[in-house]
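Presented below is the structure to which this report refers.
The values are calculated or read from the model by the stated rules, or taken from the named source; none is laboratory data. Just so we're clear, the structure is a prediction, and the values are computed from it rather than from any experiment. Every residue, glycine among them, receives a Cβ derived from its backbone with ideal geometry; neighbour counts consider all protein chains shown.
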Amino acid sequence: MRILGIHGIGNLRVNEDPVAVAGHMSALWGKHLTTGGTRDADVRVAYYADLLQDSGHQGEDGRLEELSGPEETILADMFALLEPSAAQAGVAQGWLTYLLRSQLQDIVASKACSPGLMEWFVVRFAKEVHHYLQPGPARMAVLERVRAALTAHRPDVVIAHSLGSVVAYEALHDCGALEVPLLITLGSPLALPKAVFHRLTPSPERGRGRRPQALRRWVNLADPGDLVALPVRGISAVFDGVDSDRHCSVHRTYRFHHVEEYLKTPEVAELLAAPWAEGARQA
């Protein structure tokens, strides 16, 4: 079985060769899938984080104060889904930073994790999502690299995590005659209104996205506590052609979004063991 992984946020390896990083990530993903019970998988990961590198910040010490206005708005949209009364439309940027930090403290308490770690996580999410979704050369370069990986590996299964699910969705909508039997999205922000969903290419029509024609099946898995996978079960609510939109238990506290935890789940192993996950192209 050929699997192409498309990684999510926080994977930049500064000053490292992208080909070497892709090889290292491929080995790690294969190891985690094996731990979860998947056997005999040829796993490749399409690495693209170097193409979203912020020249001003290397992503090691993310702070809310570093965010631009549009980046803060992404977090405000996300936090508003966690606490609807906390929507911050029209708030000046300085006050918005203050309010976001207050909300972040509540999230840290609920997840029992380090405040610094959680702040780094949400800042990286906002920065990388905003950078990718801006029309321009970075987005085009990421899509070109992922489409090249799809063509070279011709996967039976694409596993796309976090921001990688957004990249996969757009790349699979524009990949020529390629057919992929199964897409598994993990911890996906695809349905996040305003910040992600309404900025996709192709644009949603009448408030709905659609499964790429290249796909036979699309299954979404998300931990119900994953801050990025919002709104809960939102994928099936706003996308046509989603075959399954399921919860899976990844981690009770701070590892709710880590890809290795998702890859080890029995739900992923079950999907990869299904007869339509391998060899469906010849069916």
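Every listed requirement among (1) under 26 Å from ALA76 (Cα atoms); (2) not in a loop (DSSP other than H, G, I, E, B) is met by ALA191 save one, (2).
Filter segment 1-20 down to the residues that are within 18 Å of LEU117 (Cα to Cα) and either within 11 Å of the chain's Cα centre (by Cα) or among the small types (Gly, Ala, Ser) (or both) and list them by number. Hits for segment 1-20 are GLY8, ILE9, GLY10.
Considering the conditions (1) surrounded by 24 or more Cβ atoms within 10 Å (Cβ to Cβ); (2) over 17 Å from HIS7 (Cβ atoms), GLY187 is excluded by exactly one of them, (2). Filtered by the rule that a residue be within 14 Å of ASP156 (Cα to Cα) and of a type in the set (Asp, Glu), segment 173-189 gives a lone residue, GLU179.
In segment 24-37, the count of residues that are assigned to a strand (DSSP E or B) and in contact (Cβ under 8 Å) with a residue 40 or more places away in the chain is zero. Yes or no: segment 168-176 includes at least one residue that is assigned to a strand (DSSP E or B), crowded, with 24+ Cβ neighbours inside 10 Å and in contact with a Leu (Cβ under 6 Å, 6 or more places away or on another chain). The answer is no; no qualifying residue exists.
When the residues of segment 215-253 are filtered to those that are part of a loop (DSSP other than H, G, I, E, B) and β-branched (Val, Ile, Thr), the one that is modelled with the highest pLDDT is VAL242.
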